[in-house]
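To start, the structure itself, in structure tokens.
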Amino acid sequence: MKNILLIGVGKLGVRHLQAIQKINIPAKIQVVDNSIDSLQLAKEISDSSEKSSTIKTITFLRNISDVEGEIDVCIIATSANVRLNIMKELLSLTKVNNFLLEKVLFQSLTQLHEAINLLKSKGAKAWVNCPRRMYDFYKDLKVVLDGDEFVSLKVCGSEWGMACNSIHFIDLWAFLSKDAKYNLKCTKLEPVIYESKRPGFMEVYGILTGSSKNSYFELICTHADKVSLEIEIETNNHHVLINEVFSNMRVTDKRNDSFVDEKISIPFQSNLTNIFCENLLSQQEPELVCFSESACLHEAYLESLLQFFKNIDLKFKECPIT
């Protein structure tokens, strides 16, 4: 029987819980959060949600020290500022074979490099939850674009949470372009730091640009009353326009000027984490980005964004994002 651990049951953590309690592999689930209110709400949602007959027990705990047994998969759905300390504490108490980590991974290069060494020393594998790699329409699009010369990925929208979510689109660029090394410029960001919807964390607006040897990306986030989000992808043979808010995509073949319009489906996290766990626990390759590749993507991002925050205020020693 597999032993799955979920740490953190805020809004996203609860979705992970709904997913993992649907896996079709015999398992017990342990859930940890230091908030009694969060645990109680998570239990209520768990009780009212679909549950596989293969789930033997779901235990709700307040302390990591109460976790029992060797962990097959640990999902850490906390904020970035406490993630490394949680990993350290857990790995000092028990063996963890696999981690699924939320993004942004950490708040500094120091933390990132410490985590790299920690995972290596403990023999643990890890993946990062940038879930667009699991969306069927992005997987299909990758097949369509295979063999093309990738040119650019542009994201344009409003109120999509640039500081905390840009890494998702950088990961999408890496996934489709098969590139990983890039330089990031923050020179077109507004020289202002805004309070995030999450207390204690900050947000930014403006334009982020990144470039590699072969392609580039541009991320734009503006102020507005509501969220908008369009993604434009350019290769030598195709032009793709995706609107994730309105769930549609147009793929144009430049070679014959033909195009295909289609409705796209964006799955909930509560229908994804179970697939990740089932693949991982059945010895299949998970579709999410592995930790080492994501760490490379995070390095340039954290370094550039932290410098931006320091230019605004020298008090910032770590990147106040999650």
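The values are calculated or read from the model by the stated rules, or taken from the named source; none is laboratory data. Source: prediction; values computed, not measured. Don't worry about glycine lacking a Cβ; one is built from the backbone with ideal geometry, like all the others, and counts go over all protein chains shown. For accessibility, only protein heavy atoms count, side chains too; no ligands or nucleic acids. Shrake-Rupley method; radii C 1.70, N 1.55, O 1.52, S 1.80 Å.
For the chain, which span is the longest to avoid every loop-located (per DSSP) member of trypsin sites (Lys or Arg not before Pro) having at most 16 other Cβ atoms inside 10 Å?
Working: sites that count: LYS51, ARG62, LYS95, LYS178, LYS181, LYS197, LYS213, LYS226, LYS254, ARG255, LYS315, LYS317.
With a cap of 16 other Cβ atoms within 10 Å, the longest stretch comes to 96-177.
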**Item:** Average silhouette area of region 26-71, convex hull of alpha-carbon atoms, in square nanometres
**Value:** 3.4
**Contour excess over end-to-end distance, with Cα ends at LYS51 and LYS188 and 0.36 nm allotted per residue** = 44.6 nm
**Item:** FRET E, pair ARG255, SER282, Förster distance 41 Å, beta-carbon r, rounded to 0.05
**Value:** 0.55
**Message:** Can you work out the Karplus-derived ³J(HN,Hα) for every residue in region 279-293? Use 6.51 cos²θ - 1.76 cosθ + 1.60 with θ = phi - 60°, whole Hz, and x for glycine or proline.
**Reply:** 4, 5, 6, 9, 6, 9, 6, x, 8, 6, 5, 6, 4, 5, 5
**Prompt:** Say each of ASN214 and LYS226 gets a label point 7 Å from the Cα, pointing the same way as Cα to Cβ; how far apart are those two points in nm?
**Reply:** 3.9
**Request:** Give the span of the chain's Cα atoms along each principal axis, as three whole-Å numbers ordered largest to smallest.
**Result:** 57, 48, 40
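Mind checking the per residue accessible area of the chain for me, 1.4 Å probe, whole number of Å²? Write out the running numbers ahead of the final one.
Values: 15080 Å² over 322 residues.
I get 47 Å² per residue for this part.
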**Complete:** Once phi for every residue in region 105-116 is put through the Karplus expression 6.51 cos²θ - 1.76 cosθ + 1.60 (θ = phi - 60°), the whole-Hz ³J(HN,Hα) values, with Gly and Pro written as x, are 4, 9, 10, 7, 5, 4, 5, 4, 5, 5, 5, 4
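Are there chymotrypsin sites (Phe, Trp or Tyr not before Pro) in region 210-247 that DSSP marks as loop and that have at most 13 other Cβ atoms within 10 Å, and which are they?
Details: sites: TYR216, PHE217, PHE246; in loops: PHE246.
Listed in order of number, the matching sites are PHE246.
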**Fill in**
For LYS142, counting only lysines whose alpha-carbon sits under 26 Å away and dropping same-chain residues fewer than eight positions off, the answer is LYS103, LYS125, LYS154, LYS178, LYS181, LYS213, LYS254, LYS263
**Asked** Mind checking which aspartates and glutamates have their C-alpha under 20 Å from LYS51, skipping anything on the same chain fewer than 8 residues away?
**Response** ASP72, GLU278
**Request:** At most 15 other Cβ atoms within 10 Å plus a DSSP loop assignment makes a site exposed; report the longest stretch of the chain without any exposed GluC sites (Glu not before Pro).
**Result:** 150-322
**Asked** What percentage of the solvent-accessible surface of the chain, computed with a 1.4 Å probe over protein heavy atoms, is contributed by carbon and sulfur atoms?
**Response** 49
**Request:** At a Cα cut-off below 14 Å, give the aspartates and glutamates reachable from LYS188, other chains included and same-chain residues fewer than 8 away excluded.
**Result:** GLU218
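Apply the a/c threshold of 1.5 to the C-alpha gyration tensor of region 154-304 and tell me whether it is rounded, prolate or oblate.
rounded
Which FRET efficiency value, to the nearest 0.05, do you get for ASN271 and ARG62 by plugging their Cβ-Cβ distance into 1/(1 + (r/R0)^6) with R0 = 22 Å? Don't skip to the end; give the middle numbers.
On the way: r = 28 Å, r/R0 = 1.28.
Once rounded, the FRET efficiency stands at 0.20.
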**Request:** Give me the angle, in degrees from 0 to 90, between the Cα long axis of helix 162-177 and the longest principal axis of the Cα atoms of the chain, rounded to the nearest 10.
**Result:** 70
**Asked** Residue-wise, which Karplus ³J(HN,Hα) couplings in Hz belong to region 296-310, taking 6.51 cos²θ - 1.76 cosθ + 1.60, θ = phi - 60°, and x for glycine or proline?
**Response** 4, 5, 5, 4, 5, 5, 5, 4, 6, 6, 5, 4, 4, 5, 5
**Above-threshold pairs, the threshold being 31 Å between Cα atoms, out of LYS139/LYS310; LYS2/LYS226; LYS56/LYS88** = LYS139/LYS310; LYS2/LYS226
**Prompt:** Tell me, what is the Rg over Rh of region 21-138, with Rh the Kirkwood radius over Cα pairs?
**Reply:** 0.97
**Request:** Search the structure for amide H atoms under 5 Å from the amide H of HIS238, placed 1.01 Å from N in the peptide plane, and list their residues when 5 or more places away or on another chain.
**Result:** LYS254
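Step by step: find N for region 237-322, compute 2.2 N^0.38 Å, then divide the Cα radius of gyration by it. What's the final number?
On the way: Rg = 19.6 Å, N = 86, 2.2 N^0.38 = 12.0 Å.
Compared with the compact-globule rule of thumb, region 237-322 sits at 1.64.
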**Asked** With labels modelled as points extended 7 Å from the Cα through the Cβ direction, what inter-label distance (nm, one decimal) is found for LEU118 paired with GLU299?
**Response** 1.9
